[in-house]
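**Student:** First the structure, which I've put down as structure tokens, then a few questions once you've had a look.
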2 protein chains.
Amino acid sequence: MQNTTALEPKITSPDCDDCPIRHRAVCARCESDELSQLEGMKYYRSFEAGQTVIWSGDRMDFVASVVTGIATLTQTMEDGRRQIVGLLLPSDFVGRPGRETAAYDVTATTDLVMCCFRKKPFEAMMLATPHIGQRLLEMTLDELDAAREWMLLLGRKTAREKIASLIAIIARRHASLAMPRKGSAVEIELPLTREAMSEYLGLTLETVSRQISALKRDGVIEVQGKRRVTIPDFDRLLEESGDDSDGGFPV
Amino acid sequence: MQNTTALEPKITSPDCDDCPIRHRAVCARCESDELSQLEGMKYYRSFEAGQTVIWSGDRMDFVASVVTGIATLTQTMEDGRRQIVGLLLPSDFVGRPGRETAAYDVTATTDLVMCCFRKKPFEAMMLATPHIGQRLLEMTLDELDAAREWMLLLGRKTAREKIASLIAIIARRHASLAMPRKGSAVEIELPLTREAMSEYLGLTLETVSRQISALKRDGVIEVQGKRRVTIPDFDRLLEESGDDSDGGFPV
DNA sequence: GCATCGATTTGACTTGCGTCAATGTCCCCG
DNA sequence: CGGGGACATTGACGCAAGTCAAATCGATGC
């Protein structure tokens, strides 16, 4: 069932981990009264894994940021072919000021908590508070870079390289939490089903499965159960991904 | 030869067609003294078809917008595989405030004139003039939508659909200049070589050529010479593109 | 512990697009 | 007006990834 009731704000860190538009970064520059403006406007919604947050074309009168969990943005063709065009991780922003309807399906792939703002007051606040617009511009530019990196993957990489790239990106975003950079093994939990991976990578589910098996067979990764992956040598994985050594994503 | 000298600003329309960040749109909202601020800062550079404007990784101390002509943003893998990740048409903006180096190769595919601003003063002006940042945010969001549309194309469309989509998009952007919408034939000039098309669509040059021939054979398009294309029935082309009927791109 | 059901893996076969290699066409410039 | 060179088309063939189908795994409830 869809839970629209406001949750108790769970402040997990002293400086606003649960706030919109990567609030931690905004906070550093904001005046306190701007923050209190924010406080009055926000509300929380939570979703279970697999639930749809909003359908493409639906009226969308809020903007939001992910507090915990992972969501995807998906585009669908008339005949059902699907392509994931964005991953939303905690602190990522959804919604476009100045647009009435959602452009993509947004789906929770894990249990998900989002922090929402009604669009009208949010837009008003953007006008009143230049910092917020600037932060949003920075974030949008980062997303644009990520989308373009993904265009290279979709257009030019082999299935094996696509899988290696995806695992590397997930590992890197996990890792940024605190991880010895070079050499040591990395262990991650895949937040996506094989099907979701295939929709993100422009492959079929079977090809994803086969390539994961191949990487396992070749010792590039180890797999425990279905979702847990160990990367004994991260540089090896990067080589397999086809990116140049430091390769990759901002964020 | 690369021409770095400032050109005479060629004002082609009364309201600033040659100005940065879709200046026409900015103008409507700007105070005149903001405009005069802009006037002092800008300079022009022109390039011949095929010339590189800037290489990925190069220091980039300006931002710019396209005045006339077409340029591409390209990403390259170590082994030489290339993917075009953006098309720059007149009024499109290049460069990222707050970034030191170029993230992509920028190449002129036709003769090209760009209107440039040194980055530092431009950034200062953005702080002073919120409208500009807002406009830039809107434009970046449009580009992000376009990039995501392209991800669907790259990940899920067939070669034939890719070609049809590309022709439709070029036609639509040409057409927005003034064109009876429904039914009537549209005639366009392809601004890209077959190779550039292949790099944009994630195909090989041969496949591009074969699919153009197939669309010609099937009466979806007519081709005069190498570059001129007539579309007798635009709706037919849209069907072939795999997009839903109104399908498509903002901008 | 066992049945159940969705998620995943694996196998056999097909196919769309890539690769390699001629051949053809446009257009510029003398 | 007639080469020359870049750009484009066409053909033959191979392979990576898709399709269809059948096991197998793993969590969950009984």
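One line per residue, one yes/no per condition, for (1) more than 16 Å from DNA strand C (Cβ to nearest atom); (2) modelled with pLDDT under 95:
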{"position": "B:Ala178", "(1), (2)": "yes, yes"}
{"position": "B:Lys182", "(1), (2)": "yes, yes"}
{"position": "B:Thr204", "(1), (2)": "no, no"}
{"position": "B:Gln224", "(1), (2)": "no, yes"}
{"position": "B:Asp244", "(1), (2)": "yes, yes"}
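**Student:** Applying the selection to the range A:157-173, what residues are touching a residue at least 60 places away in the same chain (Cβ under 8 Å) and hydrophobic (A, V, I, L, M, F, W, C)? Working first, answer last.
**Tutor:** Step one: list which residues in the range A:157-173 are touching a residue at least 60 places away in the same chain (Cβ under 8 Å), which gives A:157-158, A:160-161, A:164-165, A:167-169, A:171-173.
Listed by number, the residues that qualify are A:Ala164, A:Ile167, A:Ala168, A:Ile169, A:Ala171.
**Student:** Let me ask something else about it. Does B:Leu152 qualify as being modelled with pLDDT under 95, within 16 Å of DNA strand C (Cβ to nearest atom) and touching a strand residue (DSSP E or B) at 6+ places or on another chain (Cβ under 9 Å)? First the steps, then the outcome.
**Tutor:** Values: modelled with pLDDT under 95: no; within 16 Å of DNA strand C (Cβ to nearest atom): yes; touching a strand residue (DSSP E or B) at 6+ places or on another chain (Cβ under 9 Å): yes.
So B:Leu152 does not fit the description; no.
**Student:** Also, quick follow-up: Identify, by number, the condition in (1) touching a residue at least 60 places away in the same chain (Cβ under 8 Å); (2) more than 8 Å from chain A (Cβ to nearest Cβ) that B:Glu100 doesn't meet.
**Tutor:** Evaluating B:Glu100 over (1) touching a residue at least 60 places away in the same chain (Cβ under 8 Å); (2) more than 8 Å from chain A (Cβ to nearest Cβ) leaves (1) as the failure.
**Student:** Give just the number: which of (1) within 14 Å of chain B (Cβ to nearest Cβ); (2) within 11 Å of DNA strand C (Cβ to nearest atom) does A:Ser209 not satisfy?
**Tutor:** (1)
Condition check ((1) within 13 Å of chain B (Cβ to nearest Cβ); (2) within 27 Å of B:Glu123 (Cα to Cα)) across all residues:
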site	(1), (2)
A:Cys115	no, no
A:Pro130	yes, yes
A:Ala147	yes, yes
A:Met151	yes, no
A:Arg160	no, no
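**Student:** A further question on this structure: Report whether or not A:Phe93 is modelled with pLDDT under 95, more than 19 Å from A:Arg194 (Cβ to Cβ) and surrounded by 20 or more Cβ atoms within 10 Å (Cβ to Cβ).
**Tutor:** For A:Phe93, the condition - modelled with pLDDT under 95, more than 19 Å from A:Arg194 (Cβ to Cβ) and surrounded by 20 or more Cβ atoms within 10 Å (Cβ to Cβ) - is not met.
**Student:** Restricting attention to the range B:65-87, does a residue exist that is touching a helix residue (DSSP H, G or I) at 6+ places or on another chain (Cβ under 7 Å) and away from chain A (no Cβ under 14 Å)?
**Tutor:** no
**Student:** Being β-branched (Val, Ile, Thr), assigned to a strand (DSSP E or B) and surrounded by 19 or more Cβ atoms within 10 Å (Cβ to Cβ) is the filter here, so list the residues in the range B:64-90 that pass it.
**Tutor:** Going through the range B:64-90, the residues β-branched (Val, Ile, Thr) turn out to be B:66-68, B:70, B:72, B:74, B:76, B:84-85.
Those left that are additionally assigned to a strand (DSSP E or B): B:66-68, B:72, B:74, B:76, B:84-85.
Of everything in the range B:64-90, those that are β-branched (Val, Ile, Thr), assigned to a strand (DSSP E or B) and surrounded by 19 or more Cβ atoms within 10 Å (Cβ to Cβ) turn out to be B:Val66, B:Val67, B:Thr72, B:Thr74, B:Ile84, B:Val85.
**Student:** List, please: which pairs have Cβ atoms under 9 Å, are six or more places apart or on different chains, and start with a residue in the range A:115-139 that is under 21 Å from A:Pro90 (Cα atoms) and outside the structural domain of A:Asp61 (by TED's automatic domain parsing) and end with one that is crowded, with 21+ Cβ neighbours inside 10 Å and not charged (D, E, K, R)?
**Tutor:** Qualifying pairs under 9 Å: none.
**Student:** Which residue pairs have Cβ atoms closer than 9 Å, lie 6 or more positions apart in sequence or on different chains, and pair a first residue in the range A:203-225 that is closer than 17 Å to A:Ile170 by Cα and more than 8 Å from DNA strand D (Cβ to nearest atom) with a second residue that is in a loop (DSSP other than H, G, I, E, B) and modelled with pLDDT of 95 or more?
**Tutor:** Listed by first residue and then by second, the contacts come to A:Ile212/A:Ile221; A:Leu215/A:Ile221.
**Student:** Shifting gears a bit: Being buried (at least 17 other Cβ atoms within 10 Å of the Cβ) and away from every other protein chain (no Cβ under 14 Å) is the filter; apply it to the range B:103-113 and report the residue that is farthest from B:Thr204 (Cα to Cα). Don't jump to the end; show me each part of the working.
**Tutor:** Here is the first cut: in the range B:103-113, the residues buried (at least 17 other Cβ atoms within 10 Å of the Cβ) are B:103-109, B:112-113.
Now restrict to residues that are away from every other protein chain (no Cβ under 14 Å): B:107-109, B:112-113.
Details: B:Thr107: 19, B:Ala108: 21, B:Thr109: 18, B:Leu112: 26, B:Val113: 29 Å.
Filtering the range B:103-113 for residues that are buried (at least 17 other Cβ atoms within 10 Å of the Cβ) and away from every other protein chain (no Cβ under 14 Å), the one farthest from B:Thr204 (Cα to Cα) comes out as B:Val113.
**Student:** Considering only the range A:88-97, how many residues are at positive phi and either more than 12 Å from chain B (Cβ to nearest Cβ) or within 8 Å of the chain's Cα centre (by Cα) (or both)?
**Tutor:** 1
Residue-by-condition table, conditions (1) over 28 Å from A:Gln83 (Cα atoms); (2) among the basic types (Lys, Arg):
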residue	(1), (2)
B:Lys120	yes, yes
B:Ala124	yes, no
B:Met139	no, no
B:Arg156	no, yes
B:Arg172	no, yes
B:Val186	yes, no
B:Glu199	no, no
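The values are calculated or read from the model by the stated rules, or taken from the named source; none is laboratory data. All of these numbers come straight from a predicted model, not from anything done at the bench. Note that each Cβ is placed from the backbone with ideal geometry, even for glycine, and that neighbours are counted across all protein chains shown.
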